[in-house]
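*Asks:* Please see the structure below; I have some questions.
Each value in this text was obtained by applying a stated rule to the coordinates, not by laboratory testing. If you're wondering where the values come from, they're calculated on a predicted model, not measured in any experiment. So basically every Cβ, Gly included, is an ideal-geometry build from the backbone, and we count neighbours across all protein chains shown.
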Amino acid sequence: MLFYLGIALTSATILGLELALMRVFSITQWHHFAFMIISLALLGFGASGTFLSLFQHRFRSQGQRVPAVAAVAGSLSILLTFWVSQRLPFSLLRIIWDWHQYGYLLLLYLLFSVPFFLLATVVGWAFLERQERISRIYFFDLAGAGIGALVTLAALSVLKPSQLPAGLSVLSMGAALFLGWSLGRRWQLMLAAALLVPVVFLVRPLGLNISQYKGLSYALQLPGARLLAERNGPLGMVQVVDSPAMRYAPELSLNFQGTLPQRLGVYVDAELASAITHFDGRWEVMDFLDYSPQAAPYRISPRRSVLILGAGAGTEVLAALFHRAQSVDAVELNGQLLDLLRSRFSDFAGGLYTHPSVSWHVAEARGFAEAQRRTYDLIQIAPLDAFAASSAGVFALAENYVYTREAFRRYLELLEPSGILAVTRWVKLPPRDNLKTFATAVEALRTLGLEAAPRLFLLRNWGSATLLVKKSPLSPEEVARLKDFCEQRSFDLAYYPGILPEEANRFHLLEHPYYYEAAQQILSLERESFYEKYRFQIRPATDEKPYFFHFFKWETFRYVWQDLGRQGMVFAEWGSWIQAATLFQAAMASFVLILLPLFFLREKPSAASSRFRCLVYFSCLGLAYLFLEIMYIQKFILFLAHPVYAAAVVLASFLVFSGLGSLRTGGRPATVRGPVLGITCIAGLEIVFLALVFRAGSSLALGWKMVLSVVLIAPLAFFMGQPFPLGLRAIRGNRSLVAWSWGINGFFSVLSTLLAPLLAMTWGFRSVLVAALALYWLASRSLPAPRQRPSLVNGH
Amino acid sequence: MAQEVGAGEEARYERERERMVREQIAGRDVRDRGVLEAMRRVPRHLFVPPESRADAYDDQPLPIGYGQTISQPYIVAYMTQLLDLKPGMKALEVGTGSGYQAAILAQLIDEVYTIEIIEALGREAAGRLKKLGHQDVRVKIGDGYFGWPEHGPFDAIVVTAAANHIPPPLLQQLKPGGRMAIPVGGPFQVQTLMLITKSPDGKVRTRSLMPVRFVPLVGQGSSRP
């Protein structure tokens, strides 16, 4: 039993390491880059399968020492690679200018492959040497990973990011102790003593080396700067910095002549995300709140009830109170941030976080809106980038449910008849975000049967633009009041019903009145052709393709290529590029690590067709399992209204119930038709009815929502856990093939996390489901023929 | 950073500087003769850390420590051209960094004031500028947010550190008819430049400029957006 616990702890370490490295690299560099490194580091999986298949004959005489030593080495390598990585002079920002950075990047890939390679070797070895217990090993492998996901997500709130590698190193050393327990007392003592090494680093963690180009690094070197507080959690490391030289007012009108109140910088993952405003009860010194485009809706008429989505440190909440709102619902995703604000900065902010007129809610913005029943005079969406719904970092998908067509429709439903939806986005050149929100509002209004043109008003400052969507048509008086406001503040008019061309682009001049011209096109019958021809993707995002931040079109590739290495690169959208580059790298590496070794397998009793079947079978399973898992996480984010809860519940449910499914295959003949039929029926049904179930259960308490989620996932996961052990049982006896298949499956699981978002971006989430089911079907047709009749003696 | 270099080496740097001006600056859209001449004269390699000296005249920004960079030569030239400096004018730079931009400004006008908030950078830059003969450039260690009111108002202000808003005191210290240039974007990734002008009646306007070859935003068969 201890051996199996060792396997479970090893799997827990592997999954925990993925999450922990994602966190660490999001802080020290940027999250896209973290995704890239970890995807490649996971190639260690593929490499372990290849290694075992090529060299397993050399380890046969070593018995249980192999996994114990691999786990010890894995544990130490986690510490060592982390230490080295924090000393490499790598800078993501310099990569396009400085070719040396590619060398450092390669070194990082290789470094982080080591722990994954060693830990995957432990599990691969178990499959190889305990072939009669495949189902049980797979159960502990999956259950361990599931528990690892939960434990790590919990640990992200308790431990500092710098302690995470040591924490996982402790876990891996614990695995070594269990794996080597049967080797005798000497080994037990040695392994127990070795456990002290990572414990020391847990108590005295290795430091993080945050890039000097991140906002926090710069802020802390300003004179008089002080780090006032820090909180850690799965949504990021929150730090509050006081510096007399730091000011934050990105939306301020150039006509503001006054003095800004003291503001404390709120940094999330070492980037400035928000600011806490000092408020001593004197509204007369807070007039800067009226110098932002976000003040526009209050100029139409008083707004008594306000909903702020993405409240951050509360600037918009303060603005609502400044404009005499009587009740404010403030929704913020990051609970750690809110905790910190309430406990340490309530007095500084003049009681804003405990104000009787303000209700603070920790929730994902869209999920909150879906579950909400009351209506508002104003719904305001602050620029959410830093606290985006997708910042869990679990699978760095850039999905966002706040800015979809369905989301806008929901916000409009929650408005009073004369209510206003106000959406502010940062201005980028060439324009993209604000055009997409404009297009999204137009289409949302149309789905409600409302004419868009008389209900929209778009105004622009130099750094941000605010779109107002009024549920009822704007009256001429209301338009006049807004125009006066814009004139007083030097905000540009980009659209209002009846706007004249000469009224646009007057204060903050662009080469052309892009916003005005685009708004006219989007409101015209030509809009589809305009979306098609615009150089960026500005077609509205939908719940089916919730990629608001996906602006890149591949047809602009040639422009990016021409500008590469220059300061402009205005068409480059780094997220898409990094994702594509990662996929390319992974495909290359898979060729080297998985396909090439096929030709060097020492044992070649199996026919080429059998090897080919293995390749198809296990690659299909690797892809399909993660396709479904990722798709379910996406669907449940809306229901559970929190990406971390969704990731935790979905991951843990999938892994644990798949493990139970695996146990069930113990004494069965190797046929996958049944499980694949089960998967197809359940996934097919759920995709049709899930939306209805979610709607019916939207008002349930979170605990009950989680229970319902587990119930919905369990049967599907149970069947999904069966094909892999059944496949391994079919090739039992062919040691090289078993080891190789383990590598294939691991590697394609990684590839799957890269492919799923690309599929969803292009064809929607339904295509991911269809692809997953097709892959399962293909797998069911490719199951390698058993070499011998399956043994019925390995009962559980 | 400013260390002695041999005569042969100096001649090589001069050739590189000439090539830099020809290919990277004049070859794009900087036409102001004064600016081109200033870029030819100032030895950029003495403003970068010794380990980056070999890359000093390449078409790229370079790190100078403290999370700061010396801008790409083209950006320095383009921003200087935007200021439209004439002899007798007075300029303020916020964010001295290596001192390179201040040295370029000093080639064009006599009164240059520059403020750096990070003390170590400011001291290094002041020493370097003095050593290279730019005694007239006045360097202050302090918070550039408040400008330098004792010497204002200024005909031109250049803010070399990307700002999340435009400080009101700087706008107040800009003369009517004056020009202010600000890069928008983080280190190594400047995408746009903002030119702020103050009309004689005190009205402030901004103009966003993309310092790159511009490509139409809409594909064939349609008018602009």
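*Asks:* First check a/c for the stretch A:179-316, with a ≥ b ≥ c the square roots of the eigenvalues of its C-alpha gyration tensor; if it is under 1.5, answer rounded, and if not, answer prolate when a/b is larger than b/c or oblate otherwise. Don't skip to the answer; put the middle values down first.
*Replies:* Working: a/c = 4.24, a/b = 2.60, b/c = 1.63.
Prolate, because a/c is 1.5 or more and a/b exceeds b/c.
*Asks:* So if I place +1 on the C-beta of Lys and Arg and -1 on the C-beta of Asp and Glu, and nothing else carries charge, what would the dipole magnitude of chain A be about its Cα centre? I want it in debye, nearest 20. Spell out each step's value before the answer.
*Replies:* On the way: 69 positive and 50 negative charges, 658 e Å.
Dipole size: approximately 3160 debye.
*Asks:* How many angstrom lie between the C-alpha centres of the stretch A:639-693 and the stretch A:109-179?
*Replies:* Here the answer is 22 Å between Cα centres.
*Asks:* About its Cα centre, what dipole magnitude does the stretch A:13-134 give when the only charges are +1 on Lys and Arg Cβ and -1 on Asp and Glu Cβ, stated in debye to the nearest 20?
*Replies:* Magnitude of the dipole: close to 220 debye.
*Asks:* Relative contact order of chain A: what whole-number percent is it, with Cα pairs under 8 angstrom and at least 6 residues apart?
*Replies:* Averaging sequence separation for qualifying contacts and normalising by length gives 16 percent for chain A.
*Asks:* Given a Förster distance of 22 Å, report the FRET efficiency between A:Q488 and B:N164 from their Cβ-Cβ distance, rounded to the nearest 0.05.
*Replies:* The value I calculate is 0.45.
*Asks:* Whole-Hz Karplus ³J(HN,Hα) for the stretch A:207-214, in order, using 6.51 cos²θ - 1.76 cosθ + 1.60 and θ = phi - 60°, x for Gly and Pro?
*Replies:* Once θ is set to phi - 60°, the couplings for the stretch A:207-214 become x, 8, 10, 6, 3, 5, 8, 7 Hz.
*Asks:* Under a straight-distance cross-link criterion of Cα-Cα below 13 Å, which aspartates and glutamates are reachable from B:K131, leaving out those fewer than 8 residues away in the same chain?
*Replies:* Cα-Cα hits under 13 Å: B:E4.
*Asks:* Under a point-charge model restricted to the Cβ atoms of Lys and Arg (+1) and Asp and Glu (-1), what is the dipole moment magnitude of the stretch A:283-545 relative to its Cα centre, in debye to the nearest 20?
*Replies:* Around 240 debye, computed over the stretch A:283-545.
*Asks:* Still on this structure, please answer the following. Compute the distance in nm between two label points, each set 7 Å from the Cα along the Cα-to-Cβ direction, one at A:S357 and one at A:H100.
*Replies:* The two pseudo-label positions are separated by 5.7 nm.
*Asks:* Something else about it: At what distance in angstrom do the alpha carbon centres of the stretch A:221-247 and the stretch B:121-160 lie from each other?
*Replies:* Answer, in whole Å: 28.
*Asks:* Given a Förster distance of 35 Å, report the FRET efficiency between B:D55 and B:S199 from their Cβ-Cβ distance, rounded to the nearest 0.05. Could the numbers behind the result be given before it?
*Replies:* On the way: r = 41 Å, r/R0 = 1.18.
Efficiency for this residue pair is about 0.25.
*Asks:* If you don't mind, there's one more thing I want to ask. Let me check against my output: what whole-number percent is the relative contact order of the stretch B:105-185, with C-alpha pairs under 8 Å and at least 6 apart? Don't skip to the end; give the middle numbers.
*Replies:* On the way: 102 pairs, mean separation 22.0, N = 81.
For the stretch B:105-185, the relative contact order is 27 percent.
*Asks:* Looking at this model, which pairs from A:K545/A:K635; A:K214/B:K203; A:K470/B:K203; B:K140/B:K175; B:K130/B:K198 are more than 23 angstrom apart at the alpha-carbon? Don't skip to the end; give the middle numbers.
*Replies:* Details: A:K545/A:K635 12 Å; A:K214/B:K203 35 Å; A:K470/B:K203 32 Å; B:K140/B:K175 21 Å; B:K130/B:K198 32 Å.
A:K214/B:K203; A:K470/B:K203; B:K130/B:K198, as the Cα separations exceed 23 Å there.
*Asks:* Using +1 at the C-beta of Lys and Arg and -1 at the C-beta of Asp and Glu, which of A:G659, B:L209, A:L227 has the Cα lying farthest in the positive direction of the dipole of the protein assembly as shown?
*Replies:* Going by the charge dipole, the pick is A:G659.
*Asks:* Shifting gears a bit: Please compute the modelled spin-label separation between A:L596 and A:Q326, points set 7 Å along Cα→Cβ, answer in nm with one decimal.
*Replies:* Inter-label distance under the simple model: 7.3 nm.
*Asks:* DSSP beta bridges in chain B, what fraction antiparallel, as a percent rounded to 5?
*Replies:* Of all bridge pairs located within chain B, approximately 45 percent are antiparallel.
*Asks:* As a check on your grasp of the helix formula, calculate [θ] at 222 nm for chain A: sum -39500 (n - 2.57) over DSSP H runs of n ≥ 4, divide by the residue count, round to the nearest 500.
*Replies:* Using -39500 (n - 2.57) per qualifying helix, the result is -18000 deg cm²/dmol.
*Asks:* Helix-derived [θ] at 222 nm for chain B: sum -39500 (n - 2.57) over DSSP H runs of at least 4, divide by residue count, nearest 500?
*Replies:* -8000 deg cm²/dmol
*Asks:* Still on this structure, I have one more. Measuring from centroid to centroid over Cα atoms, what is the spacing of the stretch B:45-85 and the stretch A:703-749 in Å?
*Replies:* 55 Å
*Asks:* Which of rounded, prolate, oblate describes the stretch A:603-796, given a ≥ b ≥ c as roots of the alpha-carbon gyration tensor eigenvalues and a/c under 1.5 marking rounded, otherwise prolate only if a/b is larger than b/c?
*Replies:* Prolate shape, in that a/c is at least 1.5 and a/b is the bigger ratio.
*Asks:* Another question, then. Order these by the 10 Å Cβ neighbour count, fewest first: A:E629, A:E316.
*Replies:* On the way: A:E629 27, A:E316 24.
Neighbour counts put them in this order, fewest first: A:E316, A:E629.
*Asks:* Would you grab the residues whose amide H sits under 5 Å from the one on A:A311? Only those 5+ places off in sequence or on another chain, please, with H modelled 1.01 Å from N.
*Replies:* Placed amide hydrogens put A:V331, A:E332, A:L333 under 5 Å from A:A311.
*Asks:* Still on this model: Could you pull the Cα extents of the stretch A:1-203 along its three principal axes, largest to smallest, in whole Å?
*Replies:* Per principal axis, max minus min of the Cα coordinates gives 54, 38, 29 Å.
*Asks:* Also, I was wondering about something else. Using each residue's phi in the stretch A:321-327, evaluate 6.51 cos²θ - 1.76 cosθ + 1.60 at θ = phi - 60° and report the 3J(HN,Hα) Karplus result to the nearest Hz, with x for Gly and Pro.
*Replies:* Computed from phi, the couplings for the stretch A:321-327 are 5, 4, 8, 6, 5, 8, 9 Hz.
*Asks:* Ok, one more. Under the Karplus relation 6.51 cos²θ - 1.76 cosθ + 1.60, θ = phi - 60°, what is the ordered set of whole-Hz ³J(HN,Hα) values for the stretch A:444-456, x standing for Gly and Pro?
*Replies:* 5, 4, 5, 5, 8, x, 10, 6, 7, 3, x, 10, 10
*Asks:* Let me ask something else about it. Would you calculate the convex hull of the Cα atoms in the protein assembly as shown and tell me its volume per residue in Å³? Intermediate values should be presented prior to the final figure.
*Replies:* Numbers: hull volume 180.1 nm³, N = 1021.
In the protein assembly as shown, the Cα hull volume divided by residue count equals 176 Å³.
*Asks:* So which lysines can A:K471 reach, going by Cα to Cα under 21 Å and dropping same-chain residues fewer than 8 places off?
*Replies:* A:K436, A:K483
*Asks:* When averaged across all projection directions, what area in nm² does the alpha-carbon convex hull of the stretch A:215-268 cover?
*Replies:* Numbers: hull surface 17.9 nm².
With every direction weighted equally, the projected area is 4.5 nm².
*Asks:* I've got another one for you. Would you mind counting up the charge near A:V358? Only other residues with Cβ under 12 Å from its Cβ, with Lys and Arg at +1 and Asp and Glu at -1.
*Replies:* Result for the neighbourhood of A:V358: -2.
*Asks:* Follow-up question, since we're still on this one. For chain A, give the share of DSSP beta bridges that are antiparallel, in percent and rounded to the nearest 5; count only bridges with both residues there.
*Replies:* DSSP beta bridges in chain A are roughly 60 percent antiparallel.
*Asks:* Running a GNM on chain B with Cα contacts under 10 Å, which residue among B:K131, B:K90, B:K140 ends up with the highest mean-square fluctuation?
*Replies:* B:K131
*Asks:* Just to confirm the number: angle between the C-alpha axis of helix A:574-590 and the first principal axis of chain A, 0 to 90 degrees, nearest 10?
*Replies:* Taking Cα atoms only, the helix is inclined about 10 degrees.
*Asks:* What is the set of long-range amide H partners of A:L159 at a cut-off below 5 Å, with H atoms built 1.01 Å from backbone N?
*Replies:* Hits under the 5 Å cutoff: none.
*Asks:* Counting Lys +1, Arg +1, Asp -1, Glu -1, what net charge surrounds A:L445 among other residues with beta carbon under 12 Å of its beta carbon?
*Replies:* Computed value for this residue: +3.
*Asks:* I've got another one for you. Quick check for you: which residues of the stretch A:424-462 have the amide N under 14 Å from the point 7 Å beyond the Cα of A:H512 toward its beta carbon?
*Replies:* A:430-432
*Asks:* Next question. Can you find, among B:Q101, B:L62, B:V184, the residue sitting farthest towards the positive end of the charge dipole of chain B, where Lys and Arg contribute +1 and Asp and Glu -1 at Cβ?
*Replies:* Of the candidates, B:V184 comes out farthest on the positive side.
*Asks:* Something else now. Cα atoms only, the stretch A:682-748: Rg and Dmax in Å?
*Replies:* 17.9, 53
*Asks:* At R0 = 41 Å, how high is the FRET efficiency between A:S524 and A:Q212 if r is their beta carbon distance? Nearest 0.05 is fine.
*Replies:* 0.25
*Asks:* Another question, if that's okay. Normalised by the residues of the stretch A:215-268, what does the relative contact order come to in percent, with Cα pairs under 8 Å and at least six apart?
*Replies:* Answer for the stretch A:215-268 is 36 percent.
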